[in-house]
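Asker: My questions all concern the structure below.
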Amino acid sequence: MKKLNRRDFIKGAAVLSGAAVCGAANTAIASETEPEAGQAKGDIPALPWGYKELDPEYVRKLGHLGYYLEECGGGCFWAIMTALKEKVGYPYTQIPLPTPEQFIEFLKNPESKEHYQVPMQYGVGGVANFGSLCGAPNGAASAITYAMPFDQAKEIIPRLLRYYEVETFPTDESNKYAVNGEFLVPKMKSSKALLQSASDSVLCHVSVGKWCEKSGYASGSKERSERCGRITGDIAAMAVKMMNASMKGELESVFPMKLSQETAGCRSCHSKGEKFESGQFTRGFMDCGSCHDVKMEPHKGTNKLQTAYGADVGTWAGAAVVGTIAGIGAHAVNKRITKGKDDEE
Ligand code: HEC
Ligand code: HEC
């Protein structure tokens, strides 16, 4: 197999199954859990804490607001948990989370701001700015795990990740709220309708990179940050839509769990299993083609990057490489290219 062109090999193998359909979960769960007599002692009850239908559009706006203070991971978690706290009450009241009013107040007076640390805040920038899994689905997955039995959560979470791969973010809804001034933040980082792009990947690194490449905005720009704020809202909203549907046993109707043909094909051999020799030495559902392709050689070929202002950065990138070779180091040149800030939100 090593000598074969991968794609030709796959075509020949004729093993494409098209879709992997997960059964819809339909377990309804009780909410409104008050501490029972025997439980007492101020103990917080065991998970899950239950779910009640939420309004996805309200949660989309909360997610966007949450991002402004807690970024993608903390913001998405905060949005869903806050909506649950408002709707279900105890035990969601036990998680240390500021209220939306407190958030808005902080944003109005950044000087007086005492920054709250919230759970899942570490999700920022693909886990503490490492660029791996985007914080929005990470934060949402955590909130889902508070609300739902894990059998139900694990039907929803991979679906949310798949949605993340294929959706063109920011969604029309988010762009519309931004343009019409319907978001909850006192002052927008940008109220333009931002370029929409799909990343084919759940990685922060790829998602941000592809969007920056297409839009011409640097990763440290306020537009890129605003984009991630809208995505945080979009993912929080979709998580809620999926939870609402899951409660009714209609998960498949919100977003069908359909892998790309290519990924389904790869997985016919490369899935988690015991047959090492047939390819079962790996696992996972990520879109295989986003990495296993021929295009990964860095700094070769023609440069297709542009800035938001239409300038070609090819010359600068070339200068960075030359700078490194000459022992100057790419950093000085890079600084000139990006003019980016160091805050990696
Ligand atoms: C018909 C079964 C089958 C399918 C379908 C298949 N593979 Fe493989 N793959 C194998 C086997 C068996 C090996 C180990 C033996 C080898 O390398 O030839 C392997 C090895 C690999 C390796 C590691 C070694 C190498 O050659 O790079 C990668 C990476 C890989 N496959 C990726 C993919 C991807 C991506 C797809 C889908 C586009 C895919 N494979 C589809 C069976 C398959
Ligand atoms: C985010 C990028 C990325 C995605 C998405 C991805 N892979 Fe990989 N994969 C890698 C890297 C990097 C390696 C290690 C390559 C190496 O060591 O040469 C690897 C290795 C492999 C290998 C060789 C054995 C191993 O585990 O090291 C196989 C087989 C493989 N991938 C199959 C797949 C399949 C099938 C999918 C889709 C379900 C997939 N990969 C999705 C990046 C990715």
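Asker: Find the residue count for the range 79-91, including only residues that are surrounded by fewer than 23 Cβ atoms within 10 Å (Cβ to Cβ), in contact (Cβ under 8 Å) with a residue 12 or more places away in the chain and part of a helix (DSSP H, G or I).
Answerer: Residues that pass the stated criteria total 3.
Asker: Same structure again: Which one is farthest from the chain's Cα centre (by Cα) among residues in the range 276-290 that are more than 9 Å from ligand 1 (Cβ to nearest atom) and among the charged types (D, E, K, R)?
Answerer: Taking the candidates together, the pick is 283.
Asker: Does the range 242-261 contain any residue that is within 16 Å of ligand 1 (Cβ to nearest atom), in a helix (DSSP H, G or I) and closer than 20 Å to residue 158 by Cβ?
Answerer: Checked against the condition, which is being within 16 Å of ligand 1 (Cβ to nearest atom), in a helix (DSSP H, G or I) and closer than 20 Å to residue 158 by Cβ, the range 242-261 yields at least one hit.
Asker: Against the condition in contact with a helix residue (DSSP H, G or I) (Cβ under 9 Å, 6 or more places away or on another chain), within 12 Å of ligand 2 (Cβ to nearest atom), part of a helix (DSSP H, G or I) and β-branched (Val, Ile, Thr), how does residue 232 come out, does it pass?
Answerer: No, not satisfied.
Asker: Among the residues of the range 177-190, is there at least one that is assigned by TED's automatic domain parsing to the domain that holds residue 91, part of a helix (DSSP H, G or I), closer than 24 Å to residue 89 by Cα and more than 16 Å from ligand 2 (Cβ to nearest atom)?
Answerer: The answer is no; no qualifying residue exists.
The values are calculated or read from the model by the stated rules, or taken from the named source; none is laboratory data. Quick caveat, the model's predicted, so the values are computed rather than measured. Because the Cβ atoms are built from the backbone with ideal geometry, glycine has one as well, and the counts that use them run over all protein chains shown.
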